[in-house]
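Below is one structure; the comments refer to it alone.
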Amino acid sequence: MTKIKLTKGELKKQRDSLKQYQHYLPTLQLKKQQLQIKILEAQERWQKLKQKATQHEEAIRQWAGLFADPVHSEDPLDFKKWITPTRILTDQTNIAGANIPIFKEIHFPDVDYDFYEVPLWVDTAFSRLRELISFLSEMFVLEKQIEILRQELRITTQRVNLFEKIKIPECQDHIRRIRIYLGDQQANAVGISKVAKNKILEKDLEEALA
């Protein structure tokens, strides 16, 4: 048990601490709720992108063998060159005190092959592959979001538990103990005062009767 000074000064200190903890606890609880909501939203968005990515992968797999066919002159078309992003743009926002990355857009190089020399499925292939890479890129950013939000949630939950389960009950117990002690001290002082007063009255009475 923590040792405390059983004084009026310490009583004021404990009351001030309790007031401060009770003031900040609702803010921490609200922050915890906001973080939980944002984590769920990010997870739901990730799941939707995962479903889209899976659908694209299945569609691409059906005609993936065509990639090796010579579609431009006598050489296979270099798909990797056209589906490699040139830039992935992200931004940053603050959610409940946590700075997290936000996916904005993705840029690919301009396609400059001869549209008359390649089959029509090539355009569809580029479009599907770029969409797939875009989904995967946003999923990666969302994973970073969730990681940061979970870390912030862990810290916030620890603080909420500290206030709820330790600091506030501890202050309340200290206040109770100090008040009991000061009450006993006051009662004793009153008792002593009455005894002293009675002795003085008795002495005065004896002197008056003498």
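In the set Gln14, Gln62, Gln55, Gln51, only one residue is modelled with pLDDT of 95 or more and of a type outside the set (Phe, Trp, Tyr); that residue is Gln51. Ile83 meets all of the listed conditions (1) among the β-branched types (Val, Ile, Thr); (2) at pLDDT 80 or above; (3) over 28 Å from Ala42 (Cα atoms) but one, namely (3). Looking across Ile192, Ile178, one residue alone is exposed (fewer than 15 other Cβ atoms within 10 Å of the Cβ), assigned to a helix (DSSP H, G or I) and at pLDDT below 95. It is Ile192. Among residues of the stretch 36-50 that are touching a residue at least 60 places away in the same chain (Cβ under 8 Å), those with a Cβ under 9 angstrom from a residue that is among the charged types (D, E, K, R) and surrounded by fewer than 16 Cβ atoms within 10 Å (Cβ to Cβ), sequence gap 6+ or separate chain, pair up as Ile39/Arg150; Ala42/Glu143; Trp46/Glu143.
Given the structure, is Arg154 assigned to a helix (DSSP H, G or I) and at pLDDT 95 or above?
Numbers: assigned to a helix (DSSP H, G or I): yes; at pLDDT 95 or above: yes.
In short, yes.
The values are calculated or read from the model by the stated rules, or taken from the named source; none is laboratory data. Only a predicted model underlies this, so the values are computations on that prediction, with no experimental measurement involved. Cβ atoms come from the backbone with ideal geometry, glycine included; neighbour counts cover every protein chain shown.
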